[in-house]
Amino acid sequence: MKLKESAPISFDLIAVNLDQKQPGFPEHILPQYLDSLGIEYHVIEEDTYAIVKDKIPEGKTTCSLCSRLRRAVLYKTAKNLGATKIALGHHRDDMIETLMLNMFYGGKMKAMPAKLVSDNGEHVVIRPLAFCKESELIQYGQLKQFPIIPCNLCGSQPNLQRQNIKRMLHEWHEQSPGRIESMFTAMQNIVPSHLCDSKLFDFKTIDSTSGVINGGDLAFDESEISHDFEPKNNHANELNVVEVK
C-alpha cells in the first residue's frame, strides 16, 4: 500500500485468504483487519483440512498435499479475479531453508525464486519479501501489530524437516554470526565452472588452450575465504528490498 503511493506504475491490490476449515480458525480476525485498511479482499472457504486429514496418515507430514491444495485454490481465485501477479510472503530465511532441504533430501542445488511462472503456466508469482530477514519481519509485524493467525495443521507438526533445518540454521547463526548472510550472498554468486553440473558448464571442451576460468585453482586458496563474514552494510534499521522486473 505504501509502494502504491509512490510507484511509477499504477496497480491495484486485492487481499486473498484461504479458510481451510481448520478447527478453531478465527474467521473474524482477518475480515475485521482488512475492513479497517479499506482494501478489497476475498476469503475463500474450501475444506482442504478434511481432505488432508483423510488422505495423510496420522503422524505423516501434511505439508506437500496441503500446499498443493492451497496453490490450486489460489491460482483459480487469481484467474477468476483477473489478477496479473500473485504475491506471496516467503522471506529470505524460507529461501535458505529450501536450499538446505533440497541439498540434504532432494539432491538438488535449488531454492525459491523471487519471481516465477506458476505450475499451470497461467500466472506470475512474486515474492516481494525475498530479501527480508525473518527476524526483521517479526519485529516489523510486532511494531505494526499485524493480526497473526497460527496454523494448526502443518504449522503444528513438531518434527518437520523444515523445522529441523530452521533450528540448525538458528544454531549456526548463534555460533557464527554472519554465516546465514554469507549463505544468502552465495545464492546470488553461483560459479558453474566450479561445481559439477555439466548441463550448466561444458567441462568436456576444456583443454590447455581454454585459459584460466573463474580463477582456476585460486578458488581453493585459504586466503580467498573469509571465515568471519561481515555484511557490507551492517545497519540494523536498513530495509532490504527486492526489485522484481
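Table for the structure above
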| item | result |
| --- | --- |
| Residue that is modelled with the highest pLDDT, among those in the stretch 104-161 that are in a loop (DSSP other than H, G, I, E, B) and among the acidic types (Asp, Glu) | Glu122 |
| Total residues in the stretch 35-53, condition more than 21 Å from Thr84 (Cβ to Cβ) and either among the small types (Gly, Ala, Ser) or touching a strand residue (DSSP E or B) at 6+ places or on another chain (Cβ under 7 Å) (or both) | 6 |
| Residue in the stretch 164-176 that is part of a loop (DSSP other than H, G, I, E, B) and at pLDDT 90 or above present | yes |
| Selection count where residues are surrounded by 10 or more Cβ atoms within 10 Å (Cβ to Cβ), charged (D, E, K, R) and outside any loop (DSSP other than H, G, I, E, B), scope the stretch 1-24 | 2 |
| Count of residues meeting criterion [in a helix (DSSP H, G or I), closer than 26 Å to His123 by Cα and among the polar types (S, T, N, Q)] in the stretch 34-81 | 5 |
| Any hit, the stretch 67-85, residues being crowded, with 17+ Cβ neighbours inside 10 Å, of a type in the set (Ser, Thr, Tyr) and under 25 Å from Trp172 (Cα atoms) | no |
| Conditions (1) modelled with pLDDT of 90 or more; (2) within 25 Å of Ser118 (Cα to Cα); (3) among the hydroxyl-bearing types (Ser, Thr, Tyr); number of the one not met by Ser36 | (2) |
| Selected residue (criterion: nearest to Gly141 (Cα to Cα)) from residues of the stretch 43-71 that are of a type in the set (Gly, Ala, Ser) and within 18 Å of the chain's Cα centre (by Cα) | Ser67 |
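The values are calculated or read from the model by the stated rules, or taken from the named source; none is laboratory data. Since this is a predicted model, take the numbers as computed values, not measurements. A quick note on method: Cβ atoms are made from the backbone with ideal geometry, for glycine too, and the neighbour counts reach across all protein chains shown.
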